[in-house]
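The values are calculated or read from the model by the stated rules, or taken from the named source; none is laboratory data. Bear in mind the structure is a predicted one, so any value in this text is a computation, not a measurement. Virtual Cβ from ideal backbone geometry, glycine too; neighbours counted across all protein chains shown. Please note that ligands, DNA and RNA were not included when accessible areas were found on the heavy atoms of the full protein model with its side chains. Shrake-Rupley method; radii C 1.70, N 1.55, O 1.52, S 1.80 Å.
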Amino acid sequence: GPLGSALSTRFGARPVAMIGGFLSGLGLLLGAFATHMTHLYLSVGLLAGLGWALVFTPSLGTVGGYFPTRRSLATGLVVSGASVSGLALGPLVPLLLDTYGWRGALLLLAAITFNLVAAGALLRPLPIPNESPGPPQDQPGLVRLLRHGPFLRYALAFVLVDAGYYVPFVHGAARAHEVGCDERRAGLVMAAMAAVDGGGRLAAGWLAARPAAPLLRHLFTWAALTGLTLFLLPLGTTFGGLLTLALVYGFCAGALVPLQFAGVAEVVGTGRLIHAIGLMQMFESFGSLLGAPFAG
């Protein structure tokens, strides 16, 4: 994350996102020829993961800078794409595995991922408000953020949020089996949660664009609702109860995503948005990596 933000500040978002798209596709492509688990760690894990970070951080930061007055809505539209692709790949990947095997599936996913190069080319280098001209100062910008108290508190809050955020998505199917659901019903619970996740992202972005309340107050409300629903999820001991709670959780959790990144600009300002998003990704990864194993 910080590497992507520093490079995009130095060279622009477009070339960094295009290189990231190429690396992510290359990682999946090389993974198809793996003969040892170490090869998969290096290709799909390291190379593709690096590529995705180089795409995500510059893209989100750039879009946030394009629409300073409607940032939450623009971010909501952008991140809703992840829900659409998740719904599409859910049934597609098992089909590819059954038809072409895991090597063939990785080759086809690599072909899809290489389209990120074309997507990155669409990031026009428009002038961003509140950014002073002249050569960027990458390292000092990152260092200043590490001494920025409000940003550090904001990032720590989302480390804690992410510790719980992914638990239902990782363990949801196993929980559905525990309460007596068959494979079809367990899949329905997960698909429904993913579908309303995208709706929550759009709805939260649209609501936050209304001038009724400050964006950070919207964010606080959705975070509280997400935590409350997560707290109640164990009460879903039947298929209907679990499905209802999963729908509510998916919507509230999805609503957090666009407001989280739009809120960064409220805390640090537009001029340091890309740097801040990169650091946020790095901090949050600790919560997301540890939460699901501890829950298991």
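General remarks:
- Given (1) within 27 Å of residue 89 (Cβ to Cβ); (2) open to solvent by 50 Å² or more (accessible area, probe 1.4 Å); (3) not charged (D, E, K, R), index of the condition residue 236 fails: (2)
- Residue that is open to solvent by less than 60 Å² (accessible area, probe 1.4 Å), under 22 Å from residue 26 (Cα atoms) and within 15 Å of the chain's Cα centre (by Cα), where the choices are 85, 80: 85
- Hits in the stretch 88-109 (condition: within 16 Å of residue 44 (Cβ to Cβ) and open to solvent by less than 60 Å² (accessible area, probe 1.4 Å)): 93, 96, 101, 104, 105, 106, 109
Here is a yes/no grid of residues against (1) modelled with pLDDT of 85 or more; (2) under 22 Å from residue 71 (Cα atoms):
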| residue | (1), (2) |
| --- | --- |
| 246 | yes, no |
| 251 | yes, yes |
| 260 | yes, yes |
| 265 | no, yes |
| 272 | no, yes |
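- Test: residue in the stretch 53-74 that is in contact (Cβ under 8 Å) with a residue 24 or more places away in the chain, open to solvent by 30 Å² or more (accessible area, probe 1.4 Å), aromatic (Phe, Trp, Tyr) and assigned to a loop (DSSP other than H, G, I, E, B): no
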